[in-house]
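Comments concern the structure below.
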Amino acid sequence: MTTPSSGATLVLVSIYHDYTIIRGYPGTGKSVSVVALVQVLVLMGKSVLLTAYTHSAVDNILLKLKAKGVDFLRLGRRSRIHPELHGYADEILTSSFTDVTQLADFYASKAVVATTCLAVNHVLFSKRRFDVCIVDEAAQVLLPACTAPLLCADKFVLVGDSQQLPPVVQSTQARSMGLTETVFSILERGGNQDCCSSLTLQYRMAAPIMRLANAITYNGQLQCASDALQDARLHLPYFQETKVTGLPDWLRTAVQPEQSVLLLDTAGSACEQECSLGIQNTGELHITAAIVATLLQLGVLGVDIGVIAPYRAQVRLLQESLTQKTRDFITSRQIEITDQKNEDKNSGHLLASDDADTSDGTVPYNEIKNSCRDGVDSVKRVDCKEPITTQKVLEESKKVEINTVDQYQGRDKLVIIYSCVRSCTDPKKAGELLRDERRLNVALTRAQRKLIVIGNVKTLMMYEPLDKLVSVLGEEQIIKMDAQDGWQSCFSKSSS
Ligand SMILES: Nc1ncnc2c1ncn2[C@@H]1O[C@H](COP(=O)(O)OP(=O)(O)OP(=O)(O)O)[C@@H](O)[C@H]1O
């Protein structure tokens, strides 16, 4: 079956075949379909083994099942399980058990059991078989690791996308000998095609982001599920009908809601450094902080922003320093946002108008002035009881989720900032990570409304997938940072 199918159809297909391959492009509802499938199977009285290669992939589905009120047992060490799922953790639920019968009864009672593929050596599996095994992100699971859970069930469903992250195989020799081959790829290619279904209608990305994914990876096959999604833009509560002043051009462009896709060319102004954990780039940290701080000041919530970097060293640097750099940005830079409607009346800007019409809720700010230098908190708006304080912005900055591409697979955010890190132009020093088109595909397709890629274009062009990215972007989508008004000017009062 090669035509687009709805998740609901796939659920039915999965129930009637011995095995099913659900091949779904990014945002096409694979996770939603898995959740629906588990719910239907439980209602039918079937037992389900739910698994994936990584803990984050398993927990991604479980959080959705929890929200639907479905009960399950999560196997695995407590420290590796998402804190919101500790109430379902085997280690905690069985800690007070005193005899084997009690334990056996408990394990037999759970219709849904979830674990990573490598943890099916748990004692529960020596006593129990399942009606159906579902493997999420199956294109990422090494063949031997996938086989073990499949043998624990009568039927199986593999869900994934071969264009997203493959199994991690470090050895070039092992890769060349086929270790990256997965059960998913074998059956997708050579299995019974009646058991393979494709999801191509995506519900996540605004059209410009989807078009990018189509141009780089999906060859035009990814489609928007609705007209509303075609035109969807980031909503900046304090930006509408206002004019932002006091920001450098690149930053003003970066936060514009109409600018759904942007490549910020650091043009050599942000250099990579080697550290004990690998390669990092403090310039890109500053640029990220300036964008995050501005978005937060314009009303985006921290939980709606995701920062991705391919290198662990950069992820750690961002995790450790983003809030501090956000503070540096706010205290170093005067930002003024004036209401354009009232600008003429106020002969310029920054005059508060107590009788401003805010009844339609579209003119949130009559006066916003960052005056932290004077020790006054940053912004004031007439239609909200609470001003956006520096404190609030910093609190929100702690909610920004920063992670590697691998950890972001299966997830999404309204805004994604992708820090490419590398700035070296010596091909001999170019690493492998940025060469992986599937890794780039995952990073780009996590964004729902705004995608900002930060990198040195000269360096990026050394890597085939990123070279493709540069070539498919329009002129207006690549902004070169100006030497005079670059990221350094945003932090003029603090040390960089
Ligand atoms: N049928 C639907 N109607 C409306 N929204 C949907 C539907 N299916 C999925 N979505 C929404 O689309 C987004 C992407 O869904 P989901 O995470 O399930 O996609 P996915 O195929 O697993 O993506 P990825 O492969 O990138 O992880 C989510 O925000 C989800 O709520």
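The values are calculated or read from the model by the stated rules, or taken from the named source; none is laboratory data. Keep in mind that what you see is a predicted model, and the values were worked out from it rather than measured. Virtual Cβ from ideal backbone geometry, glycine too; neighbours counted across all protein chains shown. Just so you know, the surface numbers come from the protein's heavy atoms only, side chains and all, with ligands and any DNA or RNA stripped out. Shrake-Rupley method; radii C 1.70, N 1.55, O 1.52, S 1.80 Å.
Worth pointing out:
- Each Lys or Arg adds one and each Asp or Glu takes one away; over the other residues whose Cβ falls under 15 Å from the Cβ of Lys64, this sums to 0.
- Within the range 296-329: backbone nitrogen closer than 12 Å to the Gln391 label point (7 Å, Cα to C-beta): none
- Whole-percent carbon and sulfur share, accessible surface of the range 260-326, 1.4 Å: 47
- Order by protection proxy (mean Cβ within 10 Å, highest first), peptides 212-222, 85-95, 261-271: 261-271, 212-222, 85-95
- The share of Cα pairs per 5 Å bin across the range 126-197, counted from zero up to the longest distance, runs 3, 16, 24, 25, 16, 9, 5, 1 percent.
- Each label point was placed 7 Å from the Cα along the Cα-to-Cβ direction; for His122 and Asp105 their separation is 2.0 nm.
- Estimated at 0.36 nm per residue, the fully extended path between Lys429 and Asn219 surpasses their Cα-Cα distance by 72.5 nm.
- Computed over neighbours whose Cβ is under 10 Å from that of Thr115, the net charge equals 0, Lys and Arg +1, Asp and Glu -1.
- Carbon + sulfur, % of accessible area of the range 105-244 - ligands and nucleic acids excluded, 1.4 Å: 52
- Placing dummy labels 7 Å off each Cα toward the beta-carbon, the span from Ser321 to Gln273 is 0.6 nm.
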